[in-house]
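Student: Following this message is one structure expressed as structure tokens.
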Amino acid sequence: MPVHNADIAEIFNRIADLLDIQGANPFRIRAYRTAARTIAELPRSAADMVERGEDLCELPGIGKDLAGKIKEIVETGTLAQLEELKKTTPMELADLMIISDLGPKRVLALYKELNIKTLEDLREAVKQEKIRRLRGFGKKTEEKIAESLEKLAAAGKRFKLIEVEDLVKALVERLKRVPGAEEVIAAGSFRRRMETVGDIDILATCKRGSPLMDAFVNYEDVREVVSHGDTRSTVVLRSGLQVDLRVVDQESYGAALHYFTGSKAHNIAIRKMGVKKGLKINEYGVFKDDKRVSGKKEEEVFAAVDLPYIVPELRENRGEIEAAQQGRLPQLITLEDIRGDLHAHTKVTDGRNTMEEMAAAAEERGYAYLAISNHSKRVTMAKGLDAEGLAREIEKIDSFNAQSRGIILLKAIEVDILEDGSLDLPDDILKELDVVIGAVHYNLNLPREKMTARIIKAMDNPCFHILAHPTDRIINRRPPLDVDVEALLKAAKERGCFMELDAQPDRLDLSDVYCKLAKDMGVKIAISTDAHSTAEFDFMRFGVGQARRGWLEPEDVLNTRTWPQLKKLLHRK
Ligand code: DGT
Ligand code: CA
Ligand code: CA
């Protein structure tokens with residue numbers, strides 16, 4: 001049974017949840033959450049590391065005790081401690097915490113007083129108006145809970161790309177090893193690199209008699225088989241991720257790949273173009289008078305309607321078909337175009353590695369420059385820098401650069417944009433920096449006009465260069481700021497400022513649609529990882545994926561430039 005990093009992280013998060021509900025020591029709870037995050041973001045398989053006898057204590061936030069627990073999970077698939085905890089506190093209770101008004105104390109109270117263990121129980125209790133009668137709850141709270149329950153039911157869970165990448169890779173590799181298997185590929189929103197996916201659509205071809213379908217429904221990671229047919233099956237993995245597998249004939253592979261890659265809107269537009277030419281286009285091929293004329297290769301579907309190949313990331317029917325017709329498809333940015341990272345943290349504030357370690361890791365990735373951009377003092381939680389602290393950082397970077405023969409470190413800050421639009425540090429220190437990134441972290445609930453004016457005021461400061469994670473949304477957790485992004489883009493254009501595409505997989509902010517708008521309005525974008533550890537530099541792939549969905553070409557992106565070119569762009573008049 002393969003133990004994925006996501007499984008280990010899930011167990012640690014579960015333990016943290018249960019300890020939380022039991023009212024355990026907050027430091028202990030935090031240690032588990034940190035460990036969960038470390039493992040979830042690890043670029044390698046923790047199970048492999050254990051098997052090779054590597055020392056897990058080298059990982060940030062993992063001590064001897066946690067290393068032993070990881071080993072136990074890898075070897076047994078679970079943790080004795082979790083099984084113990086489950087005896088005193090039902091595991092399902094943790095699920096209740098996604099209701100925004102329910103913290104650990106309330107969850108425990110609901111369990112003790114009303115024996116509420118599941119979302120279903122909770123729904124029932126709301127219906128019978130039982131919760132409002134509990135001490136410390138009241139009618140208002142009950143109504144809020146009802147609202148959250150409704151939202152939850154409407155949303156349906158979508159998975160972030162980082163949550164599914166490993167699972168998909170492992171499954172596709174497993175299927176490829178089945179005797180007689182030929183093509184095996186994940187299509188759907190996953191192939192289009194959407195920021196979240198509803199389910200995974202795997203397409204395969206195989207030799208006659210291949211046990212591919214059986215291998216799929218019997219895969220170790222499957223929790224439930226929803227349907228099982230000869231050419232189509234659906235399963236749910238242990239993580240809750242649903243996966244469809246479609247097996248098609250070789251002659252249909254290209255047409256099926258096009259069809260199952262989607263998007264639906266793109267498919268419909270292509271099919272309509274086919275109809276005009278007297279062609280029927282579906283997942284089995286391209287047909288003229290019921291005779292298959294092509295469909296073995298994906299390119300043939302486009303060729304049938306006189307189009308060049310369109311990459312999956314663009315297939316949203318947002319103008320890509322017109323652009324293809326007119327021969328003006330963008331030459332999308334790739335990872336290889338990226339020459340540096342313009343947003344990274346170190347141990348000095350809330351990062352997990354030193355400046356030197358971050359520099360070495362960036363250099364390893366072939367970067368020419370890396371901006372060291374720690375938080376400013378307003379972010380007390382992260383030990384944000386005051387002017388003196390920043391001055392010390394500037395000195396450290398200068399002396400690093402004086403000795404470095406490779407990578408250049410850029411002097412930077414992620415300075416807080418205060419409620420009135422002023423910056424959290426004085427101009428005379430900001431002036432000393434190569435890159436000033438402004439960010440909103442507090443007072444997130446301002447009305448739209450105020451929020452927009454606040455950020456534009458920050459851009460008025462001639463020290464300001466880049467707006468970090470412009471809408472501040474956290475996928476599946478926090479909605480975007482109520483802010484007029486178009487007005488921000490216009491202001492940025494007028495002032496010679498730039499926007500960030502934060503590549504953290506739970507931010508991916510700006511979104512694809514706003515990236516395209518920025519491009520159309522002539523505002524350049526920094527694709528930045530906002531790395532809090534060396535491993536997080538790998539998040540660049542998510543940023544580039546999102547940028548491609550937003551039609552960005554190397555020209556549209558700041559950090560495709562050499563440092564001398566970039567320096568000129570950062571010079572504000
Ligand atoms: P998701 O799973 O919500 O993240 O998004 P998709 O795009 O993966 O959608 P999904 O899984 O429902 O379907 C996979 C692909 O199959 C979709 O991108 C296009 C194709 N498809 C599904 N339903 C239809 C349909 O009614 N018409 C056409 N033309 N294509 C469809
Ligand atoms: Ca899908
Ligand atoms: Ca599907």
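Student: Spot the failing condition for residue 302; the list is (1) in a loop (DSSP other than H, G, I, E, B); (2) of a type in the set (Phe, Trp, Tyr); (3) surrounded by 15 or more Cβ atoms within 10 Å (Cβ to Cβ), and only one is missed.
Tutor: It fails just one condition, (1).
Student: State the number of residues belonging to the stretch 182-232 that are surrounded by fewer than 15 Cβ atoms within 10 Å (Cβ to Cβ), away from ligand 3 (no atom under 16 Å from the Cβ) and in a loop (DSSP other than H, G, I, E, B).
Tutor: So the count comes out to 7.
Student: Moving to a separate point now. Within the stretch 281-299, is even one residue in contact (Cβ under 8 Å) with a residue 40 or more places away in the chain and either acidic (Asp, Glu) or touching a Leu at 6+ places or on another chain (Cβ under 7 Å) (or both)?
Tutor: Yes, because at least one residue in the stretch 281-299 is in contact (Cβ under 8 Å) with a residue 40 or more places away in the chain and either acidic (Asp, Glu) or touching a Leu at 6+ places or on another chain (Cβ under 7 Å) (or both).
Student: Here's another thing I want to ask about it. Restricting attention to the stretch 473-482, does a residue exist that is surrounded by 20 or more Cβ atoms within 10 Å (Cβ to Cβ), in contact with a helix residue (DSSP H, G or I) (Cβ under 7 Å, 6 or more places away or on another chain) and in contact (Cβ under 8 Å) with a residue 40 or more places away in the chain?
Tutor: yes
Student: Between 203, 134, 122, which is of a type outside the set (D, E, K, R), within 16 Å of ligand 1 (Cβ to nearest atom), over 22 Å from the mean Cα position of the chain (by Cα) and not assigned by TED's automatic domain parsing to the domain that holds residue 506?
Tutor: Result: 203 is the single residue among 203, 134, 122 that is of a type outside the set (D, E, K, R), within 16 Å of ligand 1 (Cβ to nearest atom), over 22 Å from the mean Cα position of the chain (by Cα) and not assigned by TED's automatic domain parsing to the domain that holds residue 506.
Student: In the stretch 216-247, what count of residues is obtained for those that are away from ligand 1 (no atom under 16 Å from the Cβ) and under 30 Å from the mean Cα position of the chain (by Cα)?
Tutor: 11
Student: Does at least one position in the stretch 248-270 carry a residue that is among the aromatic types (Phe, Trp, Tyr), surrounded by fewer than 20 Cβ atoms within 10 Å (Cβ to Cβ) and within 14 Å of ligand 1 (Cβ to nearest atom)?
Tutor: There is no residue in the stretch 248-270 that is among the aromatic types (Phe, Trp, Tyr), surrounded by fewer than 20 Cβ atoms within 10 Å (Cβ to Cβ) and within 14 Å of ligand 1 (Cβ to nearest atom).
Student: Consider residue 275 against the criteria (1) assigned to a helix (DSSP H, G or I); (2) under 23 Å from residue 181 (Cβ atoms); (3) not basic (Lys, Arg): it satisfies all of them except one. Which criterion is unmet?
Tutor: Of everything listed in (1) assigned to a helix (DSSP H, G or I); (2) under 23 Å from residue 181 (Cβ atoms); (3) not basic (Lys, Arg), residue 275 misses just condition (2).
Student: Would you be able to tell me the number of residues in the stretch 271-294 that are more than 20 Å from residue 201 (Cβ to Cβ) and within 12 Å of ligand 1 (Cβ to nearest atom)?
Tutor: Going through the stretch 271-294 one residue at a time, the tally reaches 2.
Student: Out of all the residues in the stretch 142-160, is one or more farther than 26 Å from residue 475 by Cα and either away from ligand 2 (no atom under 16 Å from the Cβ) or surrounded by fewer than 18 Cβ atoms within 10 Å (Cβ to Cβ) (or both)?
Tutor: Looking for residues that are farther than 26 Å from residue 475 by Cα and either away from ligand 2 (no atom under 16 Å from the Cβ) or surrounded by fewer than 18 Cβ atoms within 10 Å (Cβ to Cβ) (or both), one finds none in the stretch 142-160, hence no.
Student: Could you tell me whether the stretch 147-155 includes any residue that is within 16 Å of ligand 1 (Cβ to nearest atom) and closer than 27 Å to residue 314 by Cβ?
Tutor: Yes, because at least one residue in the stretch 147-155 is within 16 Å of ligand 1 (Cβ to nearest atom) and closer than 27 Å to residue 314 by Cβ.
Student: Let me ask something else. Got a number for residues in the stretch 217-255 being more than 16 Å from ligand 2 (Cβ to nearest atom) and either without any contact (Cβ under 8 Å) to a residue 60 or more places away in the chain or over 25 Å from residue 292 (Cα atoms) (or both)?
Tutor: Of the residues in that region, 21 qualify.
Student: Looking at the stretch 256-277, which of the residues that are touching a residue at least 12 places away in the same chain (Cβ under 8 Å) and more than 16 Å from ligand 3 (Cβ to nearest atom) is farthest from residue 198 (Cα to Cα)?
Tutor: By that ranking, first place goes to 277.
Student: Yes or no: the stretch 87-106 includes at least one residue that is touching a strand residue (DSSP E or B) at 6+ places or on another chain (Cβ under 7 Å), within 27 Å of residue 26 (Cβ to Cβ) and not hydrophobic (A, V, I, L, M, F, W, C).
Tutor: No: the stretch 87-106 contains no residue that is touching a strand residue (DSSP E or B) at 6+ places or on another chain (Cβ under 7 Å), within 27 Å of residue 26 (Cβ to Cβ) and not hydrophobic (A, V, I, L, M, F, W, C).
Student: Which residue pairs have Cβ atoms closer than 7 Å, lie 6 or more positions apart in sequence or on different chains, and pair a first residue in the stretch 187-199 that is near ligand 2 (Cβ under 9 Å from one of its atoms) with a second residue that is of a type in the set (Phe, Trp, Tyr)?
Tutor: Going by the 7 Å Cβ cut-off, the qualifying pairs are 187/260; 188/260; 197/159; 197/190.
Student: Determine which member of the set 281, 270 is away from ligand 2 (no atom under 16 Å from the Cβ), aliphatic (A, V, I, L, M), not in a helix (DSSP H, G or I) and not assigned by TED's automatic domain parsing to the domain that holds residue 171.
Tutor: Result of the check over 281, 270: 281.
Student: I would also like to ask the following. Which of the residues belonging to the stretch 338-352 are under 21 Å from the mean Cα position of the chain (by Cα) and at pLDDT below 95?
Tutor: Those that are under 21 Å from the mean Cα position of the chain (by Cα) and at pLDDT below 95: 350, 351, 352.
Student: Let me ask you something else. Say whether the condition of being under 30 Å from residue 197 (Cα atoms) and touching a helix residue (DSSP H, G or I) at 6+ places or on another chain (Cβ under 8 Å) is met by at least one residue in the stretch 404-425.
Tutor: no
Student: Still on this model: Please list, ordered by residue number, the helices (runs of 4 or more DSSP H) wholly in the stretch 27-95 having 1 or more residues that are in contact (Cβ under 8 Å) with a residue 60 or more places away in the chain and more than 20 Å from residue 536 (Cα to Cα).
Tutor: The helices (runs of 4 or more DSSP H) meeting that bar are 64-76, 80-88.
The values are calculated or read from the model by the stated rules, or taken from the named source; none is laboratory data. Not measured: the values here are computed from a predicted model. With ideal geometry, Cβ positions are generated from the backbone for all residues, glycine too; neighbour counts draw on all protein chains shown.
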